[in-house]
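For reference, the structure is listed below as structure tokens.
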Amino acid sequence: MDHRNASLGPNTTAIHAGEGPDPATGASAPPLHMSSTFVTDQVAGFSAHDLRDDAGFLYTRWGNPTVALLERKIAALEGTEDCLCLASGMAAATAIFLTFLSAGDHAVVSDVSYAGVAELARDTLPRLGIAVTLVDMSDLDAVAAAIRPETKLVHTETPVNPIGRLTDLAAVARLAHDAGALLSCDATFASPLGQDSRALGVDLIMHSVTKYIGGHGDAVGGAVAGSAELVAKLRAEAAIHHGGILSPFNAWLIARGMATLPLRMQAHQRNAIRIAEWLETRPSVTRVIHPGLASHPQAELARRQMTNTSGMISFQVGDAARGRALAQGFIDRLEIIHYAVSLGHHRSLIFWMETDSLMDSSFRLDGAARESYRAFAGDGVFRLSVGLEDAEDLIADLARVL
Ligand SMILES: *Cc1c(COP(=O)(O)O)cnc(C)c1O
């Protein structure tokens, strides 16, 4: 079932894809298969290379029925042939890098990204003999100039954490594919509803399913969706050999949350636009970034590429000292919104991210790259993950401080 290609809508897909009444009991809701091993009637090998497409379940590191349910749901919503779920979003990023890159290869990676991915690309990949060029993915000339004959992978993130800058996926996909490289995209902020990544040319669609897909802040997980061929490579390498698999219990929780993802994304978007427009009227707020605002620097690209602008807002309040003071104000005075990292949950979350400290720790940019970051983030941003509470209550909560 795939709402991108077939007649079914996204809500029906999110609810029914990958599941059906349990043949053994008739249970309407999917069972939770907490079993590490599966009794088999086949005399077969015990190697990732022996895995056949038609084989049943053997051992949960190879595959598990509850994890497979979540994988089919995500693949159906992304319109891809297959999907692999892993223990975290970082396990998903590591899976992409270590499956498709080897010593001597070159990768082009977005110069701004989720901090863990930024540090993996800057520290771990070069240690393994993989050359990395960091580029501002909103600058297509810079992307084209960074690609070399030995480039195997282009990795981007859109909208990018924490500043909400966008990548023109169709244009970057053309550049990557012309050079024979794969394009991977961390689509965590967008969710599968925010853009049709596959149709735009992304080969490997990555999510931290901890965020919107799970949606309830109770389970950590990751996913990579793509063609059957690419996902089979990922499964053999990252799941069976590196072993960072998702627990069936987490898969069950995340699949339950995912059934309401399309509805939740509509509500996240509606709340975020309402709150972003309110923030733009506050004298204490100097800049608001959300892809659904007419003031977004790439509003035209957002309209062309995004099918839901999601619930992430970043906003500035002046210099870093002012940001820190207001962060303390949020910690002391918010009654509904939690001052905490993470995002995409039904509960609203806010966190202060100071530019100089992110530059020292994760991004380490200077010159034009640093200026491009500052054009979106100034001295720092509050990253606000707008949840599913009533917008007026969230506005009243923010107004205690702003
Ligand atoms: C949270 C996040 C990750 C990492 O995911 P975990 O599930 O925390 O490992 C990667 N990318 C983005 C954009 C994220 O927001």
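Points to keep in mind about this one:
- Here the stretch 209-276 has 57 percent of its accessible surface on carbon and sulfur atoms, given a 1.4 Å probe and all protein chains in place.
- Max mean-square fluctuation residue, GNM over the chain, Cα-Cα springs under 10 Å, options SER385, SER348, SER47: SER47
- Taking only protein heavy atoms and a 1.4 Å probe, the accessible area of the stretch 129-178 is 51% carbon and sulfur.
- Residue separation of ASP218 and SER47 scaled by 0.36 nm, minus their Cα-Cα distance, works out to 58.2 nm of gained length.
- Most positive-pole-ward Cα, PRO30, ASN64, ALA187, against dipole of the stretch 3-258 from beta carbon charges: PRO30
- About the centre of its Cα atoms, the chain shows a dipole size close to 380 debye [charges on the beta carbon of Lys, Arg (+1) and Asp, Glu (-1) only; nearest 20 debye].
- Structure-based [θ]222 nm, the chain - -39500 (n - 2.57) summed over DSSP H runs of at least 4, per residue, nearest 500: -10000 deg cm²/dmol
- Note on GLU392/ALA115: beta-carbon distance plugged into 1/(1 + (r/R0)^6) with R0 of 35 Å gives a FRET efficiency of 0.60.
- With R₀ set to 35 Å, the beta-carbon distance separating GLN328 from ARG122 gives a calculated FRET efficiency near 0.70.
- Note on the chain: GNM, Cα springs under 10 Å; of PHE363, PHE97, PHE57, the largest mean-square fluctuation is that of PHE57.
- Accessible area per residue, Å², the stretch 250-293 with all protein chains present, probe 1.4 Å: 41
- Packing here is the average count of other Cβ atoms within 10 Å per residue, and on that basis the peptides 135-145, 255-265, 217-227, highest first, run 217-227, 255-265, 135-145.
- Considering only GLU280, GLU229, GLU19, the Gaussian network model of the chain with Cα springs below 10 Å gives its largest mean-square fluctuation to GLU229.
- Antiparallel bridge percentage (DSSP; both residues within the stretch 3-258; nearest 5): 40
- Contour excess over end-to-end distance, with Cα ends at GLU237 and ALA145 and 0.36 nm allotted per residue: 30.0 nm
- For LEU58, distant residues with modelled amide H under 5 Å away: GLY63
- In the chain, a dipole from Cβ-located charges (positive for Lys and Arg, negative for Asp and Glu) runs towards its positive end, and of ASN308, HIS345, LEU246 it is HIS345 whose Cα lies farthest in that direction.
- Within the straight-line cut-off of under 24 Å between alpha carbons, the lysines reachable from LYS152 are LYS233, sequence neighbours fewer than 8 places apart in one chain being disregarded.
- Computed over the chain: relative contact order in percent, which uses C-alpha pairs under 8 Å that are six or more apart: 17
- Heavy-atom accessible area order for ASP168, ASP82, ASP397, largest first, 1.4 Å probe: ASP82, ASP168, ASP397
The values are calculated or read from the model by the stated rules, or taken from the named source; none is laboratory data. A quick note: this is a predicted structure, and the numbers were derived from the prediction, not measured. Reconstructed Cβ throughout: ideal geometry from the backbone, glycine too, with neighbour counts over all protein chains shown. What goes into the accessible areas is simple: the full protein's heavy atoms, side chains included, and nothing from ligands, DNA or RNA. Shrake-Rupley method; radii C 1.70, N 1.55, O 1.52, S 1.80 Å.
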